[in-house]
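The values are calculated or read from the model by the stated rules, or taken from the named source; none is laboratory data. Keep in mind it's a predicted model, so treat the numbers as computed, not measured. Cβ: placed from backbone, ideal geometry, glycine included. Neighbour counts: every protein chain shown. Heads up: the accessible areas ignore ligands, DNA and RNA and are worked out on the full protein's heavy atoms, side chains in. Shrake-Rupley method; radii C 1.70, N 1.55, O 1.52, S 1.80 Å.
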Amino acid sequence: LRDWLHAEGKEITAALPGTWFNPVISASTLEAFDYINLMVYDATGPWNPSNPGPHSPYSMAEEAIAFWTQDLGVDPANLVLGMPFYGYDFDPTHSPFSLTYRDIIKDNPEFAYQDEVDLLYYNGIPTIVEKTKLAMRELNGVMFWELGQDRSEEHTSELQSH
């Protein structure tokens, strides 16, 4: 597949968990990917309601980078840091659920500068900026899950200045 894609001027990528590795994936398979998008989110969520908290903290990005580059020996030039445009609400008055970043900041734009509101956890602008800087220093860029969940018409000039 890789040879065929390269002959067509295309690359092959995979989205893999950020802080663990499925041993079913062979070393030759890993080497076939031009880029590996590290899904560095979902440390907790609705499937684990007894463990409320940040599902994608900055520390998880650092752990993922160390795991993939040091423990697994993958070239950082082949790694892309994945970040979420959503969060999880663990309010005990209802079952935990996810919200898009767009919905989180819709009624209160100041929430854009925080990572949590009560028991709602997400990545605000400062964390996204810091993770982006980390990825640009140590990896080959960033990707988001899922771009359509962002609020692109707001805060654009602030992100560009960072």
Query raised in the report: What figure in square angstrom, to the nearest 10, would you give for the accessible area of W4 with a 1.4 Å probe?
Result: 150 Å²
Query raised in the report: Residue-wise, which Karplus ³J(HN,Hα) couplings in Hz belong to the stretch 18-30, taking 6.51 cos²θ - 1.76 cosθ + 1.60, θ = phi - 60°, and x for glycine or proline?
Result: x, 10, 8, 10, 7, x, 5, 7, 7, 4, 5, 5, 4
Query - Separation in nanometres of the label points that stand 7 Å from Cα toward Cβ, at A32 and D103 - result: 3.7 nm
Query raised in the report: Once amide H atoms are built 1.01 Å from N in the peptide plane, which residues 5 or more positions from F144, or in another chain, come under 5 Å H to H?
Result: M83
Query raised in the report: Among A77, A27, A64, which one shows the biggest mean-square fluctuation in a GNM of the chain, springs joining Cα atoms closer than 10 Å?
Result: A27
Report summary line: The set of residues whose placed amide H lies less than 5 Å from the amide H of F97, leaving out same-chain residues fewer than 5 positions away, is D89
Report summary line: Comparing T93, T13, T132 in a Gaussian network model of the chain (Cα, 10 Å), the one with the largest mean-square fluctuation is T93
Report task. Pick out which of P92, P126, P49 has the largest mean-square fluctuation in a Gaussian network model of the chain, springs linking Cα atoms closer than 10 Å. Result -> P92
Report task. Could you order R2, R137, R102 so the one with the most accessible surface comes first? Probe is 1.4 Å. Result -> R137, R102, R2
**Report entry** Two-site FRET efficiency, A77 against I25, from Cβ-Cβ distance with R₀ of 22 Å, rounded to 0.05
**Finding:** 0.70
**Report entry** Length-normalised contact order for the chain - Cα pairs under 8 Å, 6+ apart - percent
**Finding:** 22 percent
Report task. Return one whole number: the accessible area per residue of the chain in Å², for a 1.4 Å probe. Result -> 55 Å²
Report task. Tally up the carbon and sulfur contribution to the accessible surface of the chain as a whole percent, 1.4 Å probe, everything protein left in place. Result -> 52 percent
Query raised in the report: Short version: ³J(HN,Hα) in whole Hz for each residue of the stretch 56-69, in order, from phi by Karplus 6.51 cos²θ - 1.76 cosθ + 1.60 (θ = phi - 60°), x for Gly and Pro, what are they?
Result: 8, x, 3, 4, 5, 5, 4, 4, 5, 4, 4, 4, 6, 8
Query raised in the report: Taking H as built 1.01 Å from N, whose amide H comes closer than 5 Å to the amide H of Y86, not counting residues under 5 places away?
Result: Y101, N123
Requested in this report: Taking all protein chains together and a probe of 1.4 Å, list S98, S50, S26, S56 from the most accessible to the least accessible.
Outcome: S50, S98, S26, S56
